[in-house]
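I have a structure here, written as structure tokens, and I will follow up with some questions on it.
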Amino acid sequence: MRFIHTADWHLGNQLHDIDRREEARTFFHWLKNQIIEKNVNTLIVAGDIFDTANPPVEARRLYYTFLASLVDTCCKNVIITGGNHDSALLLDSAKDLLEVLHIRVIGSINGLSPEDMCIELLDEDGSANGICMALPFVRELELRNLLSEKISDGDLYALAYKKLYDTVYEAAEKMRKGRPLPIIATGHLYAADLEGRLSGAAGSVKSDDGVKVLDVLGTLGNVPPSVFPPADYIALGHIHYTTMVAKNPAVRYSGSPFVMGFDEADIPHYVLFGQVEASSQGKKTSAEKTLSVEKLETPQPFVYRRLSGSLEDIKNQLMRFPQADKPVFLEVCYKREVGINAQNYLEDAVHALPANASVVSWKIMDTEKMFSDGGAFQYDAVEIKNLDDREIFTRLILTKSGLDADSEEGKAAVEKFLPLFMKLAGEV
């Protein structure tokens, strides 16, 4: 079975008002070609299809046009699950029509049985060649509804997700009926123990590309690897970097195919191409099962760069900025200097940039964090649209109380007030 795993398209995203439709068109054209060249049978999109719950018309057009273009290809199964940015109602609104085209959409778990989230995958002659456990993003209120007993926030994610995955996996096993079919599961969540993370550490972590990733809330809300079922592959979304969970090559984030912020500007972005086979008994053992995963780097029609340092450093970088064969968008992150207007100081250098390069963002750097990691620039601002309700409320609690997320007092405050916030949000 050959599949491509991707996620976090965020169609409709306009980074600093940059029109990104050309990036989406380029990616979809490339992705279709990869599907054809590698004879891919199944495409899995693990959430955050759109950037907002009410995406612009052009973003929806790009989405549906791409899906329609796959109808006559070797890709006979398209699995799409909702993310925290998506409107489940919007995704599900066309699910009956898309199902006729072998495109299965699971926007949310509301009203679905475990069997409804299990999808038999077919090959070109209509024979079954796999099963997908299609689990979308699950909101906290939905997680609480899975459990009959009242539990603390610290146990909620582990217990509820464990119950959800176990129940759906049991349904997948019944659908498999002992046949030698691989099982692929999906998820849109924060998993603990990402590849490269120091054991028990909060703060910054690294993906398998060696790139620093900010863990904005420490371990709060992270799902432990133990919740995942013994599926042959688990396709995750929500993290924008390509990485493994607990160093397990069968549990992966594909990352976003696009640059979603200037902190990601210097790293490659991928989709994951996988091939999986199960044993003749349909069971998974290291001796009997084979899984191979290849990272396919996505094309980037635009160049994004962050220039950081003192105003003099940035001026020199701007004056020496090289010509590029595609549009270049720059973010300037500068150290504040008393009595100097940064934009006036750099005006001539900005005008000297190549015609296809422009500065679209200006940031003042925190000098205490500016070179806190061996000279590497740190930037810890996170756009609020990239946070879910739980994360926003947690930050609010900690900010208003002046407490640290890792302190006992901070944890106690979050445990006390977060359930109240989430209850109110659920009622609204």
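The values are calculated or read from the model by the stated rules, or taken from the named source; none is laboratory data. No experiment lies behind these values; they were computed from the predicted model shown. A quick note on method: Cβ atoms are made from the backbone with ideal geometry, for glycine too, and the neighbour counts reach across all protein chains shown. Protein only, heavy atoms only, side chains kept; ligands, DNA and RNA dropped before computing areas. Shrake-Rupley method; radii C 1.70, N 1.55, O 1.52, S 1.80 Å.
Between the range 1-39 and the range 392-428, what's the alpha-carbon centroid distance in Å?
36 Å
Follow-up question, since we're still on this one. Do the alpha carbons of any pairs in Lys162/Lys416; Lys162/Lys247; Lys295/Lys326; Lys162/Lys423; Lys315/Lys363; Lys163/Lys411 sit beyond 18 Å of each other, and which pairs?
Numbers: Lys162/Lys416 24 Å; Lys162/Lys247 20 Å; Lys295/Lys326 24 Å; Lys162/Lys423 22 Å; Lys315/Lys363 15 Å; Lys163/Lys411 25 Å.
Going by Cα-Cα distance, Lys162/Lys416; Lys162/Lys247; Lys295/Lys326; Lys162/Lys423; Lys163/Lys411 fall outside the 18 Å limit.
Sort 310-316, 252-258, 10-16, 39-45 for me by packing, meaning the mean count of neighbouring Cβ atoms within 10 Å per residue, highest on top.
Details: 310-316: 16.3, 252-258: 27.1, 10-16: 20.6, 39-45: 23.0.
In decreasing order of mean packing, 310-316, 252-258, 10-16, 39-45 become 252-258, 39-45, 10-16, 310-316.
Compute the separation of the alpha-carbon centres of the range 245-275 and the range 120-138 and state it in Å as a whole number.
23 Å
Please report the net charge: other residues with Cβ closer than 15 Å to the Cβ of Asp313, K and R +1, D and E -1.
On the way: positive: Arg305, Arg306, Lys315, Arg320, Lys335, Arg336, Lys363; negative: Glu312, Glu331, Glu337.
Surrounding charge for Asp313 is +4.
Something else: For the residue pair Asn39 and Arg25, what label-to-label distance in nm results when each label sits 7 Å from Cα along the Cα-to-beta-carbon direction?
Label at Asn39, label at Arg25, 3.3 nm between them.
Now for a different question. Amide H to amide H, which residues 5 or more places from Ile106 or on other chains are under 5 Å from it, using H placed in the peptide plane?
Ile80, Thr81, Gly82
Per the Debye formula with a single identical scatterer at each Cα and no solvent contribution, what log10 I(q)/I(0) holds for the range 79-169 at q = 0.16, 0.17, 0.18, 0.20 Å⁻¹?
Calculated log10 I(q)/I(0) at the listed q: -0.71, -0.78, -0.85, -0.99.
A further question on this structure: Three principal axis extents, largest first, for the C-alpha atoms of the range 1-133, in Å?
46, 38, 21
Moving on. Considering amide H positions built from the backbone, and no H for Pro or chain starts, which residues 5 or more places from Val223, or on another chain, come under 5 Å of its amide H?
Answer set, sorted by chain and number: Tyr190, Ala191, Ala192.
Per residue, how many Å² of accessible area does the range 120-180 show with a 1.4 Å probe? Intermediate results must be reported in sequence, preceding the final value.
On the way: 2940 Å² over 61 residues.
For the range 120-180, the solvent-accessible area averages 48 Å² per residue.
Rule-of-thumb check for the range 306-353: C-alpha Rg over 2.2 N^0.38 Å?
The reported ratio for this selection is 1.14.
Sort the following peptides by mean Cβ neighbour count (other Cβ atoms within 10 Å, averaged over residues), highest first: 174-186, 99-111, 225-237.
Numbers: 174-186: 19.0, 99-111: 17.4, 225-237: 22.2.
Those peptides, ordered most packed to least, come out 225-237, 174-186, 99-111.
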